[in-house]
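Shown next, in structure tokens, is the structure this report addresses.
Computed from the coordinates by the stated procedures, all read-outs in this text should not be read as laboratory data. In this text the structure is predicted, and so the values were computed from the model without any measurement. Virtual Cβ from ideal backbone geometry, glycine too; neighbours counted across all protein chains shown.
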Amino acid sequence: MTPFKLQIITPEKTVFDGETEQIVVRTTVGDVGILNGHEPYCAALGIGQMRVMMDGEFRHAATSGGIIKVSHEKTTILVQTCEWSDEIDVTRANAAKEAAEGRIKAAQSDNELRLAEAKLKHALNRIDTAGFGK
Amino acid sequence: MKDIKRRIKSVGSTRQITKAMELVSSSKLRKAKMRAEQARPYFNELYKSLCEIASANTDLSTIFTVKREVKHRLFIVIAGDRGLAGGYNSNVLKLAASAHAGDAEKPKIIAIGKKAIEYFDKREYDIVASYAGIAENIKPNLAQDIADIAIEMFRSGEVDDVQIFYTMFVSSITQEAQQMAMLPMETVKLENYGTMNYDPSPEAVFNRIIPRFTASLIQCAVVEAYASEQGARRTAMENATDNADAMTESLSLLYNRARQASITTEIIDIVSGASAQE
């Protein structure tokens, strides 16, 4: 497969800036795969997994909320957070999951419930993604 | 003579403090500058995407881009947590105060930094939210929280205009207080944007980006303001140290003169005493 340029940027730093052969991201409407020569495309990303292929092997990452933008020159992924599967702290994710579950039970308002659910989803996503770590 | 000696000592210990603060600030400044640089690409890319969508869809008019008649305003003001930074705090606070000089009512305030909170609290502004001690290490999630408050107020019509006040980091020695319009959003029409397929629709993506963009705007402003604060403090402390050095010098000159004078008088006393005995 022909490699193409990819940049992954979060508010804190540039996570990845290099070449990849294929990426699969979870947009708000479903999983989308991008190969070299993809038409210009822009979509919103939800909380989910992202796969980036390098040297024929997928690297998994947990991302939360952002956008993906594909242009002829390069692909840019702008996300709130992005953690590679081998960088995820599973004990912390588990603690976050339990804390979120507790808050769902104790939630007083819709807003609190929504926030706690988003936190839980994020924690579960990180735990799932960590499973792909080497 | 004793007085002068005491003053030299006190100036000396003050100098030690200012020198230490100068060193601390310059190391913090280095870190802050790096963070400001790392935060920028995300912000720039987001802004570019927004402008691309706005350029491609001339009829795109979401609630966030349409200007309304301004009745109520929201100011997000970023100042430092500590003083002793020259004009850093007062400049940005004064700018915020003068920005609503002609308005019928005081704006609502989101205050970031202890100095901003104190300032607006004392003048009885309506403070919607306040954050202290966050500037050194602001997390994207917190920036998002602040942005969400502003967006919600704007969406519900509680305010018609959101401005952000912070200090722009021009260089290590120059910092400038700045005012920036956050909402409604201003987009620049790009000449050369090319066609793009939006999934599911440009509006959906646009609405999705807005909260991220405002959060990123706040994040960048806070990080930049923090770098400015350190820069301002470093310069202020450097001046203070220099002043202390100059003061010690003139005081020791004074002290030596006084010492000389007292020795001379003593010698005269002894000599005149001895000659009187002869």
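Here are some notes:
- Choice from B:Glu238, B:Glu22, B:Glu124 with maximal GNM fluctuation in chain B (Cα, 10 Å cutoff): B:Glu124
- Annotation: Cα Rg of the stretch B:193-278 relative to the compact-globule expectation 2.2 N^0.38 Å equals 2.99.
- Cα-based Rg of the stretch B:71-145 normalised by 2.2 N^0.38 Å, two decimals: 1.10
- Reachable lysines from A:Lys69, criterion Cα separation under 19 angstrom, eight or more residues apart if same chain: A:Lys5, A:Lys13, B:Lys48, B:Lys189
- Mean separation of Cα contacts under 8 Å (6+ apart) over length of chain B, as relative contact order %: 32 percent
- Think of the protein assembly as shown as a dipole: +1 on every Lys or Arg Cβ, -1 on every Asp or Glu Cβ, centred on the Cα centre; then among B:Phe64, A:Phe4, B:Gln179, B:Gln179 lies furthest on the positive end.
- With the alpha-carbon atoms of the stretch B:1-131 aligned to their principal axes, the span from lowest to highest coordinate is 80, 39, 22 Å, starting with the largest.
- Stokes-Einstein diffusion coefficient of chain A, Kirkwood radius over Cα pairs, 4 °C, 1.567 mPa s, in µm²/s: 83 µm²/s
- For the stretch B:233-246, 3J(HN,Hα) computed residue by residue from phi via the Karplus equation (6.51, -1.76, 1.60; θ = phi - 60°) reads 5, 4, 4, 4, 6, 4, 4, 5, 5, 4, 4, 4, 4, 4 Hz, glycine and proline entered as x.
- Calculated from the alpha-carbon coordinates, the protein assembly as shown shows an Rg and a Dmax of 29.2, 116 Å respectively.
- At 1.002 mPa s and 20 °C, Stokes diffusion of the stretch B:64-107 via Kirkwood alpha-carbon radius, µm² per second: 172 µm²/s
- Restriction of the trypsin sites (Lys or Arg not before Pro) in the stretch A:1-87 to DSSP coil positions whose beta-carbon has at most 16 other beta-carbons within 10 angstrom yields A:Lys13, A:Lys74.
- Positive-end residue, chain B charge dipole about Cα centroid, Cβ charges, pick of B:Leu84, B:Ile4, B:Ile138: B:Ile4
- Taking 0.36 nm per residue of separation and subtracting the current Cα-Cα distance, fully stretching the chain between B:Lys19 and B:Lys48 would add 6.1 nm.
- HN-Hα J in Hz across the stretch B:156-167 - Karplus 6.51, -1.76, 1.60, θ = phi - 60°, x for Gly and Pro: 7, x, 5, 10, 10, 6, 10, 10, 10, 10, 8, 10
- Furthest towards positive pole of dipole, A:Gln22, A:Ile68, A:Ala116, structure part chain A, Cβ charges: A:Ala116
- For chain A, the Cβ-based charge dipole about the Cα centre amounts to some 320 debye (Lys, Arg positive; Asp, Glu negative; other atoms uncharged).
- Taking the helices alone, chain A has a mean residue ellipticity at 222 nm of -9500 deg cm²/dmol, built from -39,500 (n - 2.57) per DSSP H run of at least 4 residues and averaged over all its residues.
- Take each residue in A:59-67, count the other chain C-beta atoms within 10 Å of its C-beta, and the mean is 2.
- P(r) weight above 35 Å for chain B, C-alpha pairs, percent: 37 percent
- Folded to 0 to 90 degrees: helix B:140-155 orientation relative to chain B principal axis, Cα: 60 degrees
- Working value for the stretch A:1-74: equivalent-ellipsoid semi-axes of 17, 14, 13 Å, each the square root of 5 times a Cα gyration tensor eigenvalue, largest first.
- Just so you know, the averaged projected area of the alpha carbon convex hull for the stretch A:75-132 sits at 4.8 nm².
- Label zone at B:Glu37, where the point sits 7 Å out along the Cα-to-Cβ direction: the stretch A:13-43 residues whose backbone N lies under 14 Å: A:13-14
- Across the stretch B:14-25, computed HN-Hα scalar couplings (Karplus, 6.51 cos²θ - 1.76 cosθ + 1.60, θ = phi - 60°) run 5, 4, 4, 5, 5, 5, 4, 5, 4, 5, 4, 4 Hz from first to last residue, x flagging Gly and Pro.
- Residues of type lysines that B:Lys94 reaches as a straight line, Cα spacing below 28 Å, ignoring anything fewer than 8 places off in the same chain: B:Lys28, B:Lys31, B:Lys33, B:Lys67, B:Lys71, B:Lys106, B:Lys108, B:Lys114, B:Lys115, B:Lys122, B:Lys139
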